[in-house]
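Nothing in this text is a laboratory measurement; each read-out follows from the coordinates by a stated rule. Everything numeric here is computed off the predicted structure, so don't read it as measured data. Note: ideal-geometry Cβ built from the backbone for every residue, glycine included; neighbour counts use all protein chains shown.
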Amino acid sequence: TTPIASASAAPSQPTSSSVRTLSTTTDHRDDPTRYFPGSSFADALRGGGPPPPTERASWQAEHNIDIQRVTQVAIIHELTQQQTRTIERVVPWYLSTMPSAYFRGVPESFRMDHIKAIAAVMDANMDLYLNLQSHLPDGRQVLTFIRPGTQPGTLLKMIKELPWNQNSDLYLPLTRVQVFSAEDESMSLNLFVYGEEPHEPFDARVVGGGILDYAESVQR
């Protein structure tokens, strides 16, 4: 028998003499951390951040007076921001809930006092229970009472709380009362005016003479 010779397949040869290679080198040109490897800046860029300090930093206040000043500034800033947020809530509510007669009949300076007092009370989470005292340019005294709610009898309770000084040299008669209620029934705001409104001297002859002069000019 004729032995069968085994033949192994020859390895295939590339059809082209040029062989392409893939680079495994990473391009760091767009990585800013390559300039500071292992630094806190690199950690911050990667989202990590420096470790918490274990000793006083060079920029920290060292003297007690400086620490007190920084603390005061921080407290003032926090309170100012808190009051600002409260005022931003109170002003729109105040303008939309007070009746139009209030804005027509109460001077602007008084309204500003009212809203500042209301904002301060709301900022302190207290009930709207306020007594304010002011004066008109002509010397009359004005007491403003603000109470929560609009329940029946609120005005009577306010009147009973008015000062009683009939026997005093500073006595002024109660001459006017302005009563207002918030449209959302959240508060009652009433003004009590003390003192007579000053009037210019009245001369009948002067007034009558002016009327006669006007009538004569019309007839011409």
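The table that follows gives values for the structure above.
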{"item": "Gyration tensor (alpha-carbon) shape descriptor, the range 83-194, a/c threshold 1.5", "result": "prolate"}
{"item": "Sorted by Cβ density within 10 Å, fewest first, the residues ILE76, ILE146", "result": "ILE76, ILE146"}
{"item": "Sites SER134 and ILE75 - FRET efficiency at Förster radius 35 Å, r taken between beta-carbons, to 0.05", "result": "0.70"}
{"item": "Rough spin-label spacing in nm, given labels placed 7 Å along Cα→Cβ, for ASP127 and TRP93", "result": "1.7 nm"}
{"item": "Approximate spin-label separation GLN68-VAL177, in nm, with each point projected 7 Å along Cα-to-Cβ", "result": "5.2 nm"}
{"item": "Residue order, fewest to most surrounding Cβ atoms within 10 angstrom, among LEU162, LEU170", "result": "LEU170, LEU162"}
{"item": "Footprinting exposure proxy for TRP93, TRP164 (fewest neighbouring C-beta atoms within 10 Å first)", "result": "TRP164, TRP93"}
